[in-house]
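Encoded as structure tokens, the structure appears first; notes follow it.
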Amino acid sequence: MDVFHAMQVFVSVIETGSFTKAAQALHLHRPAVSKTIQLLEQQLGGRLLNRTTRQLSLTPEGEAFHERCKTILAEVDETMASFGNRPARLAGRLRVDMPVTLARLLIIPALMDFQQQYPDIELTIGASDKPIDMLSEGVDCVVRMGALEDSSLIASGIGYLPMVTCAAPSYLQRFGTPQSLGDLPQHQAVNYFSGSNPRPIEWLFTVDGQTTAMRLKSGIRVNDTEAFIASALAGFGLLQALEISVHEHLQNGSLLRVLEEFPVPAKRVSILYPHRDLLPPKVEAFVQWLKGLMLAHRLS
């Protein structure tokens, strides 16, 4: 059995809603379509369709198989088109995982532009600050910030995001405003930790052109970006955060900049995807769009 042909037949049956219409669309005899579906079900060891005299419906296994078939056929179409003389028709499902802050404040507000450029790409966005397993979860690419752990994934830098050190007025009234890095041992911080590792992320400062790393005593530790900002607003400690995540609070005075003489190095933003000899065109299109978005915001 030609599995690729069988997938095409199966998808056509679902999209047209009948064996007869699928046969007409594919220029096949109806018995050939029916036989192909039967052989496909035998090959897979399970029923894909519930058949009645009036309608067809997918079994749960059939629904899952249908989604996979659509993805595979779309990627084959993209690959063949990319080597031909006509522009690739980018289509299919694209699943991207990204940090909550980037999703909410930067990427999703601009994402309609990508959708308008590529209307046949079905976007699935995961917004999470927790590590994921791309392969087991079926994620096409992941946007991440900061230093990256060693892995088998391919990483491409797409820009940088400005950082800021700040604190709530209520905290500064209690502990005073630090004037130098030497004052920091007398202060406490809102510290962020990632995943199941409770060790907080280091604080970074630029001193005479060199990066200095420090660990500050925790007023509180959190692993969620919303709780991270909320803890600083509540006065738990000094905060190092993405400027875009606290811009509104800096504007209205609920957070105040500190240690401006010791700027924080900008946070690197990268996009990661599984190692492949040929990157799917829809993923490449998203990578290029995101690089353009970073550039447009003067963050690269």
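Please go through the range 94-134 and pick out each residue that is under 21 Å from ALA155 (Cα atoms) and of a type in the set (Lys, Arg).
Listed by number, the residues that qualify are ARG95, LYS130.
Within the range 110-138, track down each residue that is without any contact (Cβ under 8 Å) to a residue 12 or more places away in the chain and either of a type in the set (A, V, I, L, M) or closer than 16 Å to LEU290 by Cα (or both).
MET112, GLN115, GLN116
Would the range 146-153 turn up any residue that is at pLDDT 85 or above, buried (at least 17 other Cβ atoms within 10 Å of the Cβ) and out of contact with any Gly (no Cβ under 7 Å at 6 or more places or on another chain)?
No, because not a single residue in the range 146-153 is at pLDDT 85 or above, buried (at least 17 other Cβ atoms within 10 Å of the Cβ) and out of contact with any Gly (no Cβ under 7 Å at 6 or more places or on another chain).
Under 8 Å between Cβ atoms, at least 6 apart or on separate chains: pull out the pairs that start in the range 38-54 with a residue that is touching a residue at least 24 places away in the same chain (Cβ under 8 Å) and end on any residue that is part of a loop (DSSP other than H, G, I, E, B).
LEU39/MET1; LEU40/MET1; LEU40/LEU48; GLN43/MET1; LEU48/THR59; LEU49/THR59
Looking at THR206, is it β-branched (Val, Ile, Thr), closer than 18 Å to PRO162 by Cα and touching a residue at least 60 places away in the same chain (Cβ under 8 Å)?
no
Looking at VAL287, VAL269, can you tell me which residue is crowded, with 19+ Cβ neighbours inside 10 Å and closer than 19 Å to ILE158 by Cα?
One residue alone meets the criteria, VAL269.
Does the range 72-90 include one or more residues that are more than 30 Å from HIS5 (Cβ to Cβ), under 25 Å from the mean Cα position of the chain (by Cα) and either of a type in the set (Asp, Glu) or at pLDDT 90 or above (or both)?
No, because not a single residue in the range 72-90 is more than 30 Å from HIS5 (Cβ to Cβ), under 25 Å from the mean Cα position of the chain (by Cα) and either of a type in the set (Asp, Glu) or at pLDDT 90 or above (or both).
Of these, ARG221, ARG199, which one is farther than 18 Å from GLY176 by Cα, surrounded by fewer than 15 Cβ atoms within 10 Å (Cβ to Cβ) and under 25 Å from the mean Cα position of the chain (by Cα)?
Result: ARG199 is the single residue among ARG221, ARG199 that is farther than 18 Å from GLY176 by Cα, surrounded by fewer than 15 Cβ atoms within 10 Å (Cβ to Cβ) and under 25 Å from the mean Cα position of the chain (by Cα).
Can you tell me how many residues within the range 101-136 are in a strand (DSSP E or B), buried (at least 16 other Cβ atoms within 10 Å of the Cβ) and touching a Leu at 6+ places or on another chain (Cβ under 8 Å)?
The qualifying residues number 2.
List pairs: first residue in the range 9-30 and in the same structural domain as GLU67 (by TED's automatic domain parsing) and crowded, with 20+ Cβ neighbours inside 10 Å, second residue in a helix (DSSP H, G or I) and among the basic types (Lys, Arg) anywhere in the structure, Cβ distance under 7 angstrom, at least six positions apart or on different chains.
Short answer, once both residue conditions are applied: PHE19/ARG30; ALA23/ARG30.
Considering only the range 176-202, state which residues are in contact with a helix residue (DSSP H, G or I) (Cβ under 9 Å, 6 or more places away or on another chain) and either among the β-branched types (Val, Ile, Thr) or in contact (Cβ under 8 Å) with a residue 60 or more places away in the chain (or both).
THR177, PRO178, VAL190
The values are calculated or read from the model by the stated rules, or taken from the named source; none is laboratory data. This one's a predicted model, so the numbers in the text were calculated from it and none came from an experiment. Counting neighbours? That spans all protein chains shown, and the Cβs are built from the backbone with ideal geometry, glycine included.
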